[in-house]
Amino acid sequence: MWPITTDLRIALTAGTPEGAEQKKKMPAIVRSAYYIGMKNLNRRELCAALSAFAALGSVMAEAQAGAAAGPDGKLSKSVVFNYDQLPVKNNANGGTGRQVLSGTLATGEFVEVHETTLPAGKMPHPPHKHSHSEFLLIREGNLEFINDGKPEPVGPGGVVFTASNVMHGLKNVGTTMASYFVVAVGVQKKES
């Protein structure tokens, strides 16, 4: 995000040589917005415009996640997903989720990828099982993986594999927020 500071605002509106220099350093989208009339915005209008840009960024990130899959749901394009551009969904347990992609690979497997942050002491949901398999890639925090009723510790850098139709669960047993990516492979229908 381009920082909007008092000095920058003054330089932009004053028509000074410093303002001209600052304009050259601006990202193209900010520069074009400046030239189409934002230079005369008051504080309220500027906040509304910045909110609109933020919302546009979220919509663009969602479109990027869908861009990997064609209209037929096939994942046929290579795509980079920047973490800070993934749309954030707030979960009921106080954590968040970021959807990355879902679709069918050229080799026939259905794949879904998302990231979850989980508050201390919380579970994303009760233990369950399903027909698809999952890999959990732990970024931060200390978790307890419940593997068919048996608790197993896993921390940063750890990887968990959940086999098809095996009861499993996850709990943040640490004192800080935990985060992990889930890569689900196979048809996704929850069985219990």
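The values are calculated or read from the model by the stated rules, or taken from the named source; none is laboratory data. Everything quoted here is computed from the prediction, not taken from an experiment. Glycine also receives a Cβ, built like all others from the backbone with ideal geometry; neighbour counts cover every protein chain displayed. Note: areas computed on protein heavy atoms with side chains; ligands, DNA, RNA excluded. Shrake-Rupley method; radii C 1.70, N 1.55, O 1.52, S 1.80 Å.
The C-beta contact set for segment 151-174 (first residue touching a residue at least 24 places away in the same chain (Cβ under 8 Å) and within 22 Å of residue 119 (Cα to Cα), second residue acidic (Asp, Glu) and in a strand (DSSP E or B), distance under 7 angstrom, 6+ apart or interchain) comprises 162/134; 171/144; 173/144. Of all residues in segment 98-118, those that are touching a residue at least 40 places away in the same chain (Cβ under 8 Å) and open to solvent by 50 Å² or more (accessible area, probe 1.4 Å) total 2.
With the requirement that a residue be in a loop (DSSP other than H, G, I, E, B) and in contact with a Gly (Cβ under 6 Å, 6 or more places away or on another chain), what does segment 92-119 give you? Working first, answer last.
Taking segment 92-119 as the starting set, the residues that turn out to be in a loop (DSSP other than H, G, I, E, B) are 92-95, 106-109, 119.
Within segment 92-119, just 119 meets the criteria.
It is to be established whether one or more residues within segment 147-159 are open to solvent by 60 Å² or more (accessible area, probe 1.4 Å) and under 30 Å from residue 72 (Cα atoms). The answer is no; no qualifying residue exists.
Mind telling me which of the residues 115, 134 ends up being touching a helix residue (DSSP H, G or I) at 6+ places or on another chain (Cβ under 8 Å) and modelled with pLDDT of 95 or more?
Of the residues listed, the single one that is touching a helix residue (DSSP H, G or I) at 6+ places or on another chain (Cβ under 8 Å) and modelled with pLDDT of 95 or more is 115.
Each row is one residue, and each column tells you yes or no for (1) under 19 Å from the mean Cα position of the chain (by Cα); (2) open to solvent by less than 50 Å² (accessible area, probe 1.4 Å); (3) on the phi < 0 side of the Ramachandran plot.
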| residue | (1), (2), (3) |
| --- | --- |
| 120 | no, yes, yes |
| 128 | no, yes, yes |
| 132 | no, yes, yes |
| 135 | yes, no, yes |
| 138 | yes, yes, yes |
| 165 | no, no, no |
| 170 | no, yes, yes |
